[in-house]
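Undergrad: Provided herewith is a single structure, encoded as structure tokens, for subsequent inquiry.
The values are calculated or read from the model by the stated rules, or taken from the named source; none is laboratory data. As the structure is a computational prediction, the values presented were derived from the model and not from experiment. Neighbour counts run over all protein chains shown; Cβ positions are idealised from the backbone, glycine included. These area figures cover heavy atoms from the full protein model, side chains too; ligands, DNA and RNA do not enter into them. Shrake-Rupley method; radii C 1.70, N 1.55, O 1.52, S 1.80 Å.
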Amino acid sequence: MSERLRVEFHCHTIYSKDSLTRPEQLVQACRQKGIQRVVVTDHNNISGGLRAQQIDPERVIVGEEIMTRQGELLAFFVQEEIPEDLDCMDAIRLLREQQAFISVSHPFDVLRGGHWELEDLLKIAPLVDAIEVFNARCYRASFNRQAQDFARQHDLAGTVGSDAHALYELGKATLRLPAFEDAEGLKAALKEARADLHLLPVWTHLSSRYAVLRKKLGGLDEYRSAP
């Protein structure tokens with residue numbers, strides 16, 4: 001049996017408005033925690049992923065969490081940044097043009113702005129590769145169970161993620177799966193995935209609130225600059 005990689009599919013850096021984690025810190029934390037591949041999925045921004053990939057090209061995959069008009073998409077192997085506030089169909093088309101892998105962020109978490117209405121989720125189900133079936137930051141386990149049921153009903157693969165905005169969250173929800181190099185390879189590898197899942201406590205979201213406030217009060221303009 002080939003060696004399985006421990007993969008984090010959903011995390012953020014200082015290039016997201018609600019995180020203070022610098023790409024250098026994220027890469028170092030992944031090395032220390034034994035995370036062999038990590039997808040950096042900043043909000044509507046790939047600069048953090050690009051910077052982290054420069055530091056460790058073998059470990060880092062550039063991704064993006066994209067806020068569409070209907071809900072959030074989670075994309076891996078992103079080459080060109082997708083702007084926010086597009087219609088979801090337009091965002092999916094642009095991602096397909098660059099051969100990205102498309103998942104759907106915490107679709108049933110109604111306590112977050114990026115959740116999906118069922119009608120819209122049904123519309124995109126034939127067009128995406130996966131559903132995020134476990135997000136460690138969901139307040140309620142039922143949100144993840146709904147995502148798991150939906151993925152099963154529509155024969156979609158499942159991704160998981162810590163949705164880490166701070167370093168201590170990193171690696172709380174990972175998959176172990178065979179090596180892959182691109183979106184097509186990931187689709188095949190997910191069929192053999194094994195999950196290691198831990199829900200984060202409710203107070204975890206305070207780290208995001210602190211990051212937003214810190215940036216408003218203290219500037220931290222560096223996170224807006226290109227790598």
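Undergrad: Could you check, for the range 154-168, whether at least one of its residues is under 16 Å from the mean Cα position of the chain (by Cα), at pLDDT 90 or above and over 17 Å from His12 (Cβ atoms)?
TA: yes
Undergrad: Let me ask something else. Suppose we filter the range 157-167 for residues that are under 21 Å from Ser207 (Cα atoms) and in a strand (DSSP E or B); how many remain?
TA: Qualifying residue count, the range 157-167: 3.
Undergrad: Out of the range 157-167, which residues are open to solvent by 30 Å² or more (accessible area, probe 1.4 Å) and closer than 14 Å to Val128 by Cβ?
TA: Once the filter is applied, which keeps residues that are open to solvent by 30 Å² or more (accessible area, probe 1.4 Å) and closer than 14 Å to Val128 by Cβ, the range 157-167 yields only Ala157.
Undergrad: Among the helices (runs of 4 or more DSSP H) confined wholly to the range 56-156, which include 1 or more residues that are free of Cβ contacts under 8 Å to residues at least 60 places away in the same chain, among the hydroxyl-bearing types (Ser, Thr, Tyr) and open to solvent by 10 Å² or more (accessible area, probe 1.4 Å)?
TA: 141-153
Undergrad: Here's something else I'd like to know. For the range 168-189: of the residues being part of a loop (DSSP other than H, G, I, E, B) and small (Gly, Ala, Ser), which is least open to solvent (accessible area, probe 1.4 Å)?
TA: Gly171
Undergrad: Going by what's in this entry, would Ala164 be described as touching a strand residue (DSSP E or B) at 6+ places or on another chain (Cβ under 7 Å) and under 17 Å from Gly114 (Cα atoms)?
TA: So Ala164 fits the description; yes.
Undergrad: Additional query: Can you tell me how many residues in the range 22-55 are within 17 Å of the chain's Cα centre (by Cα), open to solvent by 30 Å² or more (accessible area, probe 1.4 Å) and acidic (Asp, Glu)?
TA: Within the range 22-55, residues that are within 17 Å of the chain's Cα centre (by Cα), open to solvent by 30 Å² or more (accessible area, probe 1.4 Å) and acidic (Asp, Glu) number 0.
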